[in-house]
């Protein structure tokens, strides 16, 4: 039987201590992650309860809420047109939370953000024009746009032709007159793929 020297015993003990410390560090990291997850869960529950309890008692409170963030309209049951207008003026995309918005609300929404037209059923030509005037790329949300809407979109932002499935001859001619060959090549390269 071999006798172990003090040095060997010390080395083994130091190694065991080192391994134990590594395990403790690993456990500390796991505990930290779990604590963060618990804190996040508690925060989410708190926010959920706040949202659930959120009720506005007056039109002024509703107006104040949507002026702060247009998306707050989602928490308002049956908002009046003034509140709807204030919401879409702050954020046009908040129209997605409005049931049967009036023409005036629709116009304000697309004036603030042309892409909000995607949340409007059967938009009129005037509404389509307002949307592409604000953002030519919003034509991608318009099914079968008329020539006037197509032209407004490409005049505002030539690359919007990429989103027009059947551009009119006049729109194509405009693109050929207005833009250089590299732009046109890119468009036709996109079309052919």
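This table checks each residue for (1) touching a helix residue (DSSP H, G or I) at 6+ places or on another chain (Cβ under 8 Å); (2) at pLDDT below 80.
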position: 22; (1), (2): no, no
position: 42; (1), (2): no, yes
position: 47; (1), (2): no, yes
position: 59; (1), (2): yes, no
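One line per residue, one yes/no per condition, for (1) at pLDDT 95 or above; (2) in the same structural domain as residue 73 (by TED's automatic domain parsing); (3) within 24 Å of the chain's Cα centre (by Cα); (4) under 30 Å from residue 61 (Cα atoms):
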{"residue": "141", "(1), (2), (3), (4)": "yes, no, yes, no"}
{"residue": "145", "(1), (2), (3), (4)": "yes, no, no, no"}
{"residue": "169", "(1), (2), (3), (4)": "no, no, no, no"}
{"residue": "172", "(1), (2), (3), (4)": "no, no, no, no"}
{"residue": "177", "(1), (2), (3), (4)": "no, no, no, no"}
{"residue": "182", "(1), (2), (3), (4)": "no, no, no, no"}
*Qualifying residue in the range 108-128 (condition: over 23 Å from residue 163 (Cβ atoms), at pLDDT 95 or above and outside the structural domain of residue 170 (by TED's automatic domain parsing))*: yes
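The values are calculated or read from the model by the stated rules, or taken from the named source; none is laboratory data. Remember, it's a predicted structure, so these values are computed and weren't measured experimentally. We place every Cβ from the backbone using ideal geometry, glycine too, and count neighbours over all the protein chains shown.
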